[in-house]
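**Q** So that we are looking at the same thing, I have put the structure below in structure tokens.
The values are calculated or read from the model by the stated rules, or taken from the named source; none is laboratory data. Everything numeric in this text was worked out from a predicted model, so none of it was measured. Note that each Cβ is placed from the backbone with ideal geometry, even for glycine, and that neighbours are counted across all protein chains shown. Note: accessible area is taken over every heavy atom of the protein model, side chains too, but ligands, DNA and RNA are not part of it. Shrake-Rupley method; radii C 1.70, N 1.55, O 1.52, S 1.80 Å.
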Amino acid sequence: MLMSRFPGYRPRRTRRTGALRALVRETEVRPGDLILPLFAVPGQGVRRAVGSMPGVEQTSPDQLLKDAEEALALGLGGVLLFGVPSEKDERGTGAWRDDGIAQTAVRLLKRELPELLVITDVCLCEYTSHGHCGIIVDGDVDNDETVPLLARTAVSHAAAGADVVAPSDMMDGRVGAIRAALDAAGFGQTAILSYAAKYASAFYGPFRDVAESAPAFGDRRTAQMDPANVLEALREVRLDIEEGADMVMVKPALAYLDVIRRVKDDTGFPVCAYHVSGEYAMIEAAARLGWIDGPRAHQEALTAIRRAGADRVISYWSRQFARARRG
Ligand code: PBG
């Protein structure tokens, strides 16, 4: 029962000034809550803009290091690294090479910025010629053929120095296989952030331009979740936790705030939300047309995702957020 009644309780009293609004604010977004995605490409001095993702670039390791330095100086929670190789093949063998693009970038980051938290995305879609997240058998990704390759990729990232590996493929059983492989290889301290409730979403479009990972045929609906389901998300999340995930992810974020809340309440585990490329690009596009106030919309989106229960948010706007904080 609400005891407070008008006119005794006047909600507008605490909205009069910025200081009063701050006094009663329930949700904060701090730079440390945000994780910045970075895209590594081979080469030197490369900074390539991507049309559908204004402000996001493919960078060679030397340039990526500069972005990572800024992320650290701004107090961001860490970076999420994606490798975009120059050569692809049927099996995505570039994903687990010791001298692969992701491994090279991780090694450089951990050598130059040991305090920076480095999370690596573990998937094959950036490395396969067909753009699917694993080995194709009879026109679809074969789960059990793919899982060992993901485990091998995760171990190669750990060997390069990754603090956290983040499998984004949505194969069944991959978290358990990755945990076992890491432990067997002596990387018992490498953590797993599983993309546990990852939906088959139209909001990944711009990412696939940056990561060059659009499927050449079909889509990802046989692996990623149906946007209509939330109870299934809870089963996916529980399964990943049982298999050894240290932290779980919900993805996308803005269209799935209810899922974030349910996962947080159901598990009590650290929950990370991926505020994905299309969600970012929509705001940027409308802002560029002068239809909305971009910075305010970005801030509001991040606040909503945190309010829904996400402890950490992966966001392409992380640096701009933290820079604005600095003034
Ligand atoms: C797969 C992966 C994807 C994203 C992160 N990891 C794309 C996909 O599943 O097709 C999407 C991220 C975004 O849209 O920002 N490796």
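**Q** Could you tell me which residue of the range 155-208 is surrounded by the fewest Cβ atoms within 10 Å (Cβ to Cβ), considering only residues that are under 24 Å from Val50 (Cα atoms) and either of a type in the set (A, V, I, L, M, F, W, C) or more than 10 Å from the ligand (Cβ to nearest atom) (or both)?
**A** Ala202
**Q** State whether the residues of the range 231-244 include one that is part of a loop (DSSP other than H, G, I, E, B) and more than 12 Å from the ligand (Cβ to nearest atom).
**A** Within the range 231-244, one or more residues are part of a loop (DSSP other than H, G, I, E, B) and more than 12 Å from the ligand (Cβ to nearest atom).
**Q** Residues of the range 265-300 being charged (D, E, K, R), closer than 19 Å to Glu57 by Cα and open to solvent by 60 Å² or more (accessible area, probe 1.4 Å), which ones?
**A** Once the filter is applied, which keeps residues that are charged (D, E, K, R), closer than 19 Å to Glu57 by Cα and open to solvent by 60 Å² or more (accessible area, probe 1.4 Å), the range 265-300 yields only Arg288.
**Q** Additional query: With the structure loaded, tell me whether Asp140 is touching a residue at least 12 places away in the same chain (Cβ under 8 Å), within 9 Å of the ligand (Cβ to nearest atom) and out of contact with any Asp or Glu (no Cβ under 8 Å at 6 or more places or on another chain) or whether it fails that test.
**A** Criteria not met by Asp140.
**Q** Something else now. Within the range 131-140, does at least one residue satisfy the condition of being in contact with a Pro (Cβ under 6 Å, 6 or more places away or on another chain) and either acidic (Asp, Glu) or surrounded by 24 or more Cβ atoms within 10 Å (Cβ to Cβ) (or both)? I'd like the intermediate steps shown before the answer.
**A** Restricting attention to the range 131-140, the residues satisfying the condition of being in contact with a Pro (Cβ under 6 Å, 6 or more places away or on another chain) are 131-132.
Still in the running and either acidic (Asp, Glu) or surrounded by 24 or more Cβ atoms within 10 Å (Cβ to Cβ) (or both): 132.
Among the residues of the range 131-140, at least one is in contact with a Pro (Cβ under 6 Å, 6 or more places away or on another chain) and either acidic (Asp, Glu) or surrounded by 24 or more Cβ atoms within 10 Å (Cβ to Cβ) (or both), which makes the answer yes.
**Q** Could you list all residues from the range 55-111 that are open to solvent by less than 20 Å² (accessible area, probe 1.4 Å), among the polar types (S, T, N, Q) and free of Cβ contacts under 8 Å to residues at least 60 places away in the same chain?
**A** Thr59, Ser60, Gln103
**Q** Can you pull out every residue in the range 269-327 that is within 14 Å of Pro252 (Cα to Cα), within 13 Å of the ligand (Cβ to nearest atom) and part of a helix (DSSP H, G or I)?
**A** Ser277, Gly278, Glu279, Tyr280, Ala281, Met282
**Q** Determine whether the range 34-51 contains at least one residue that is at pLDDT below 95 and open to solvent by less than 30 Å² (accessible area, probe 1.4 Å).
**A** The answer is yes; a qualifying residue exists.
**Q** Need pairs with beta-carbon distance below 6 Å; first residue under 18 Å from Asn143 (Cα atoms) and charged (D, E, K, R) and within the range 221-241, second within 16 Å of the ligand (Cβ to nearest atom) and not in a strand (DSSP E or B); sequence gap 6+ or separate chains.
**A** Here the result reads Arg221/Ala200; Asp240/Val175, each pair linking the range 221-241 to a residue that is within 16 Å of the ligand (Cβ to nearest atom) and not in a strand (DSSP E or B).
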